[in-house]
Each structure stands twice: as C-alpha cells, then as structure tokens.
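**Student:** What follows is a single structure, and I will ask about it in a moment.
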Ligand SMILES: C[S@@+](CC[C@H](N)C(=O)[O-])C[C@H]1O[C@@H](n2cnc3c(N)ncnc32)[C@H](O)[C@@H]1O
C-alpha cells in the first residue's frame, strides 16, 4: 500500500492529537467507550488486550481501571496521539503504547485475549488484511470488539469523502462476512449511540 496514504492519515491525526481530548468530538468518543464497557467480558485471570488505533489511550485507561489485573497495549499510527497517551498513562507498566500499523501488527500469534477497535476501522483501506491480522494475534476463545459507525448499504461499504481517501462504513452483514473470511465468528451486534454499532467476534 502506498506510503502517501499512511503519511496523510498520520499528518491529520498528529495535528488533532493535542486537542483530541477536549474538542467536542471527544465527548462523543468517550460516551461510546463508556457504553462499550457494558459489553466487555474478559477472562477472570489477568488478561492481555490490544487496542488498535488507540488514539490518546482513553479506552485502555478505562479498561485498566475496571479490570485491575489487565495488561494492555495501545497501537497507533500517529506519534502525537501516542505522546498524549503516554503522558496520561496512570497504569504504566500495565499499559504500554507503541507506534505501528493495523495492517501489519508487530505481535506474535495468539498473544491477546481481546482486541478492540473504536472509531478506527473505518479508516483502513485494506479491512480484510487488518481483520486477518486481528484473528492471527487473538488466542483461541479470544474476542474482537469492533466499534464503528455503521451503514445500511449492503452491496458495498459506504464511502464518505472525509479524511484522506475517505472512510468506509460497514453494515452488520458486511462485518459478519469480513469476520468469517478471517475465521472469526460474529456473536452479536449492539447499537451504542445513534449509528455507532458494536460487533463482537470470537476466535473459535
Ligand atoms: C478517530 S481516532 C479514534 C481513537 C480512539 N480509538 C478513540 O476511540 O478515541 C482514529 C485513530 O486511528 C488511528 N489510525 C488510523 N489509521 C490507522 C492505521 N492504519 N493503523 C493504526 N492506527 C491508525 C489514527 O491515528 C487515530 O488515532
């Protein structure tokens, strides 16, 4: 995939990072994350989770507070988003933040009990590649929590011309197909806020 695409996305989120947690949209993102927590089910023992496109790390912060044994890794394309995440990390070394791309995850097979993606999957040009990577790093029985704005267009993903190369919205059915082509089972869908839909997948 061309480097311009990643540089443009990175540039956009690097610019946004320092105001991300206090601008109006973050109120929306944080409300979505709070609702998501109502559906999160993690193993009793200390679990190891990954947040892809973690931004400023707010979701991992919430998870680490709710699950005191949890260890978490946040991965993001944007150096500045990660800088903000590290600055407000109250759970180091249980939480760590690293730079990388969702399309090629720098982790071993079966390393995580759960993977999260909130309002980030819609940015990916190669969703199939990303979901295969997620399936690879999940342990058997692990869960993938996908939270994004959904669409009711069934033929192909709805393309909105915002952000470099647009964003892609997937219907519940399209999500299910994406998951199954990577060997993930779609367990359920839940509307969190307006058109923001949580889809929960399991790795058999
Ligand atoms: C709208 S923000 C959402 C951040 C956070 N998940 C939240 O809910 O507040 C989208 C994030 O995805 C990251 N991102 C976009 N494309 C990415 C990619 N290919 N790999 C890793 N991160 C990516 C951006 O840098 C940005 O931090």
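**Student:** Can you give the alpha-carbon Rg of segment 23-71 over 2.2 N^0.38 Å, where N counts its residues?
**Tutor:** Compared with the compact-globule rule of thumb, segment 23-71 sits at 1.18.
**Student:** Assign one of three labels to segment 38-118, namely rounded, prolate or oblate, based on the Cα gyration tensor with a ≥ b ≥ c the square roots of its eigenvalues; rounded applies when a/c is under 1.5, prolate when it is not and a/b is larger than b/c, and oblate otherwise.
**Tutor:** Cα axes put segment 38-118 in the oblate bin.
**Student:** Report for segment 91-204 the percent antiparallel among DSSP-assigned beta bridges with both residues inside it, nearest 5.
**Tutor:** The antiparallel proportion sits near 70 percent.
**Student:** Could you run the Debye sum over the Cα atoms of segment 75-171, one equal point scatterer each and no solvent, and tell me log10 of I(q)/I(0) at q = 0.10 Å⁻¹, two decimals?
**Tutor:** -0.32
**Student:** Hey, what did segment 88-183 get for relative contact order, percent, Cα under 8 Å, at least 6 apart?
**Tutor:** 26
**Student:** Using only helices, what value at 222 nm comes out for the chain when you add -39,500 (n - 2.57) per DSSP H run of length 4 or more and divide by the total residues, to the nearest 500 deg cm²/dmol?
**Tutor:** Result for the chain: -11000 deg cm²/dmol, rounded to the nearest 500.
**Student:** Here's something else I'd like to know. With labels modelled as points extended 7 Å from the Cα through the Cβ direction, what inter-label distance (nm, one decimal) is found for residue 125 paired with residue 28?
**Tutor:** 2.5
**Student:** Related question: With springs only between Cα atoms under 10 Å apart, run a GNM on the chain and tell me which of 99, 38, 69 wobbles the most.
**Tutor:** Taking springs between Cα atoms under 10 Å, the residue moving most is 38.
**Student:** Give the percent of DSSP beta bridges with both residues in the chain that are antiparallel, rounded to the nearest 5.
**Tutor:** Antiparallel bridges: around 45 percent, rounded to the nearest 5.
**Student:** Just the number, please: percent antiparallel of the DSSP beta bridges in segment 1-109, rounded to the nearest 5.
**Tutor:** Antiparallel: roughly 10 percent of the beta bridges in segment 1-109.
**Student:** Could you give the alpha-carbon Rg of the chain over 2.2 N^0.38 Å, rounded to two decimals?
**Tutor:** Ratio of Cα Rg to 2.2 N^0.38 Å: 0.94.
**Student:** Now a separate question. What number, in percent, do you get for the relative contact order of the chain if the mean sequence gap of Cα pairs under 8 Å and at least 6 apart is divided by its residue count?
**Tutor:** Answer for the chain is 18 percent.
**Student:** Right, next: Out of 160, 122, 178, any idea which swings most in a Gaussian network model of the chain, alpha carbons joined below 10 Å?
**Tutor:** Comparing 160, 122, 178 in the GNM, the peak value goes to 160.
Any read-out appearing in this document is the output of simple, stated calculations on the displayed coordinates, not a laboratory observation. The model shown is predicted, which means the values in this text are computed figures rather than measured ones. With ideal geometry, Cβ positions are generated from the backbone for all residues, glycine too; neighbour counts draw on all protein chains shown.
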